[in-house]
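Engineer: This is the structure I have questions about; it appears just below.
Computed from the coordinates by the stated procedures, all read-outs in this text should not be read as laboratory data. Nothing here was measured: the structure is a model prediction, and the numbers come from that model. Cβ coordinates were reconstructed from backbone atoms using ideal geometry, including for glycine residues, and neighbour counts include every protein chain displayed.
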């Protein structure tokens with residue numbers, strides 16, 4: 001997909017694709033709470049994801065105090081900060097080993113599609129009214 005370099009684009013959606021997680025040592029016990037169906041009733045269950053001192057899979061940090069971690073039953077979000085969850089995880093290096101950030105862009109209704117985020121792409125996306133204030 002290509003648009004003229006001076007055109008403004010609107011982001012409709014975004015997805016981060018984890019290609020390879022970081023394997024890091026947990027600084028504390030990390031637990032995942034997931035909704036499951038038991039005997040026809042939806043309940044929340046808490047599972048241990050990674051115990052202190054174990055190697056765990058760090059997938060993503062969402063900047064709102066939550067980390068996406070991989071564990072035996074899949075993946076899930078756990079409360080964390082970048083300095084208390086895993087050794088080697090910091091605000092300077094908060095990303096998985098390899099990831100791709102995809103955005104769904106739209107210029108007009110008939111002119112839209114998904115693309116990888118590349119350098120300077122987000123400079124072409126105008127801020128929302130609340131962000132511009």
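Engineer: Fully extended, how many nm does the chain gain between residue 33 and residue 16 (0.36 nm per residue separation, minus their Cα-Cα distance)?
Structural biologist: Extra length from residue 33 to residue 16 when fully extended: 4.0 nm.
Engineer: When 112, 35 are ordered from fewest to most other Cβ atoms inside 10 Å of their Cβ, what list results?
Structural biologist: Fewest to most other Cβ atoms nearby, the residues stand as 35, 112.
Engineer: Between residue 110 and residue 72, what is the spin-label point distance in nm, taking each point 7 Å from the Cα along the Cα→C-beta axis?
Structural biologist: Once both label points are built, they end up 5.6 nm from each other.
Engineer: Once both labels are modelled 7 Å past Cα along the beta-carbon direction, what's the residue 99-residue 23 spacing in nm?
Structural biologist: In this crude spin-label approximation the distance works out to 2.0 nm.
Engineer: So if the hydrodynamic radius of region 22-96 is defined as the Kirkwood radius over C-alpha pairs, what does Stokes-Einstein give as its diffusion coefficient at 37 °C and 0.692 mPa s, in µm² per second?
Structural biologist: Estimated via Stokes-Einstein, D reaches 261 µm²/s.
Engineer: Now for a separate question. To the nearest 0.05, what FRET efficiency results for residue 42 and residue 62 with a Förster distance of 22 Å applied to their C-beta separation?
Structural biologist: That gives a FRET efficiency of 0.40.
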